[in-house]
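Asker: Provided herewith is a single structure, encoded as structure tokens, for subsequent inquiry.
Bear in mind that the values in this text are calculations on the coordinates, not laboratory data. Since this is a predicted model, take the numbers as computed values, not measurements. Methodologically, a virtual Cβ is constructed for each residue, glycine included, from the backbone with ideal geometry; neighbour enumeration extends over all protein chains shown.
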Amino acid sequence: MKTPMVEAVLEMGFSRRLVKQTIQSKILTTGENYRTVNDLVSDLISAEEEKKEEEKEDPPEKITSDLALIRKNRMALFQRLTCTLPILESLLSSKVISDQEHQVIKQKTQTSLQARELIDTILVKGNSAADIFRNCLQECDPALYKDLFVEKNMTYIPTEDVSGK
């Protein structure tokens, strides 16, 4: 990636990541590298415009905020989440999780274990699962919803290790 052409477009202010992605895309689609700086600059400008259009359609802070909050507060959620079954049913009816995933979580004997499995599943499934989780939590546990999504004020209280390890 240290060719004179790459150095030239980096000096023009294009991000290294965008340059790398654009060049890799060109090589993968055509099997050839760029022959002129003008061709590369033209594709970089197009790529930047596409990126801006995508950001207008889906602001990145909204896309990641629910999922990021859930990930950040994962341990506290394990402790405080008690209404796992309604959330589980909503995820199943929305086809975000499979029957098998639903059964695995439902078969856990303790609510805290169900919560742990549920949160980990939501984190794996992504934004659609996080949206459903948020909406269900607002209905079944408004106080927890408020702490997590409105005030963003969750605290994890470490418990004593009673496992004897």
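Asker: How much length is gained on full extension from Ser46 to Lys95, taking 0.36 nm per residue of separation minus their Cα-Cα distance?
Answerer: 14.0 nm
Asker: Using only DSSP helix segments of four residues or longer, with each worth -39500 (n - 2.57), what per-residue ellipticity at 222 nm results for the chain after dividing by its residue count and rounding to 500?
Answerer: So the calculated ellipticity at 222 nm is -21500 deg cm²/dmol.
Asker: So what is the diffusion coefficient of the chain in µm² per second by Stokes-Einstein at 25 °C and 0.890 mPa s, using a Kirkwood Rh over Cα pairs?
Answerer: Answer, rounded: 127 µm²/s.
Asker: Here's a follow-up. Using Cβ-Cβ distances only, list the Cys residues of the chain with no partner cysteine under 4.7 Å, sorted by number.
Answerer: Among the cysteines of the chain, those whose Cβ sits 4.7 Å or more from every other are Cys136.
Asker: Where does helix 37-57 land angle-wise versus the long Cα axis of the chain, in degrees 0 to 90, nearest 10?
Answerer: 30
Asker: To continue, here is another question. With each pseudo-label sitting 7 Å past Cα toward Cβ, what's the Arg17-Thr155 distance in nm, one decimal?
Answerer: Modelled inter-label distance: 3.5 nm.
Asker: Would you calculate the separation in nanometres between label points at Lys26 and Thr111, each defined as 7 Å from the Cα along the Cα-to-beta-carbon direction?
Answerer: 5.9
Asker: With +1 on each Lys and Arg Cβ and -1 on each Asp and Glu Cβ, and nothing else charged, work out how big the dipole of region 66-150 is about its Cα centre, in Debye to the nearest 20.
Answerer: Once rounded to the nearest 20, the dipole reads 240 debye.
Asker: Which value, in debye to the nearest 20, gives the size of the charge dipole of the chain about its Cα centre, when Lys and Arg are +1 and Asp and Glu are -1 at the Cβ?
Answerer: With Lys and Arg at +1 and Asp and Glu at -1, about 520 debye.
Asker: Could you compute the FRET efficiency for Asn33 and Val104, with r as their C-beta to C-beta distance and R0 at 45 Å, rounded to 0.05? Don't skip to the answer; put the middle values down first.
Answerer: Details: r = 48 Å, r/R0 = 1.07.
Approximately 0.40, to the nearest 0.05.
Asker: Just to confirm a number: summing +1 for Lys and Arg and -1 for Asp and Glu over residues other than Lys2 whose beta-carbon lies under 14 angstrom from that of Lys2, what do you get?
Answerer: Cβ neighbours under 14 Å give a net charge of 0.
Asker: So, one more: What FRET efficiency comes out for Glu7 versus Glu53 if R0 is 30 angstrom and r is the Cβ-Cβ distance? Round to the nearest 0.05. Intermediate values should be presented prior to the final figure.
Answerer: Values: r = 28 Å, r/R0 = 0.94.
Efficiency at R0 = 30 Å is approximately 0.60.
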